[in-house]
Amino acid sequence: MAYQLQKSVVTVFLLCFSIINAEYMPFIKDARYNKQTKTIDINLQYSGGCAEHKFELKMGTCRESYPVQCDAKLVDLTLDDYCDAIIGRQISINIQTVGLDTSYYTGASIQISGGANTKATIVLPR
């Protein structure tokens, strides 16, 4: 009986931990690198409509090839918008803000993942 109770407590703890650390990811329609503004422009969709949404590009792993190939994910930082409208818009992420302006990323391909397994790949200039 004691073992059964401990197993249930661990399961509930893991479930709560997963919910607290969940990240909301918008659907990515497409993305491109804008040479003039040095930004990654991403067309996306997300659920909301009652609050302003802020997004962050989180860099993941890079494969050591030339040029380098990296994974990233687009995360919606807004947690308090409970409206259900489908919003479509374009966001721009400055490559300097994300740290992609160093020589390591020259010519790099970045695969950006969004919600529901949506993805877009951009190539940075050489």
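Within the range 66-79, the set of residues being in a loop (DSSP other than H, G, I, E, B) and either modelled with pLDDT of 95 or more or open to solvent by less than 50 Å² (accessible area, probe 1.4 Å) (or both) comprises P67, V68, L77, T78. Among the residues of the range 80-116, those that are open to solvent by 40 Å² or more (accessible area, probe 1.4 Å), farther than 17 Å from T39 by Cβ and assigned to a strand (DSSP E or B) comprise A85, I86, I87, G88, Q111. Only a single item in (1) touching a Cys at 6+ places or on another chain (Cβ under 7 Å); (2) modelled with pLDDT under 95 is not met by T11, and it is number (1). Evaluation of H53 against the conditions (1) part of a loop (DSSP other than H, G, I, E, B); (2) within 16 Å of V123 (Cβ to Cβ); (3) modelled with pLDDT of 95 or more shows that the sole unmet condition is (2).
Applying a threshold of 7 Å to beta carbon distances and a minimum spacing of six or more residues, or different chains, the list of pairs starting in the range 37-57 at a residue that is over 25 Å from L100 (Cα atoms) and ending at one that is open to solvent by 60 Å² or more (accessible area, probe 1.4 Å) and not in a strand (DSSP E or B) reads S47/D84; C50/Y82; A51/D80. Answer yes or no: is there a residue in the range 52-59 that is among the charged types (D, E, K, R) and in contact with a Pro (Cβ under 6 Å, 6 or more places away or on another chain). No, the range 52-59 has no match at all.
Scanning the range 17-36 for residues that are modelled with pLDDT of 95 or more and either touching a helix residue (DSSP H, G or I) at 6+ places or on another chain (Cβ under 7 Å) or farther than 18 Å from T97 by Cβ (or both) yields P26, F27, I28, K29, D30. Determine if the range 20-27 includes at least one residue that is among the hydrophobic types (A, V, I, L, M, F, W, C) and without any contact (Cβ under 8 Å) to a residue 24 or more places away in the chain. Checked the range 20-27: at least one residue is among the hydrophobic types (A, V, I, L, M, F, W, C) and without any contact (Cβ under 8 Å) to a residue 24 or more places away in the chain. Filtering the range 89-117 to residues that are among the aliphatic types (A, V, I, L, M) and on the phi < 0 side of the Ramachandran plot leaves I91, I93, I95, V98, L100, A108, I110, I112.
The values are calculated or read from the model by the stated rules, or taken from the named source; none is laboratory data. Only a predicted model underlies this, so the values are computations on that prediction, with no experimental measurement involved. Note that we place each Cβ from the backbone using ideal geometry, even for glycine, and neighbour counts take in every protein chain shown. Accessible surface areas use protein heavy atoms only, side chains included; no ligands, DNA or RNA. Shrake-Rupley method; radii C 1.70, N 1.55, O 1.52, S 1.80 Å.
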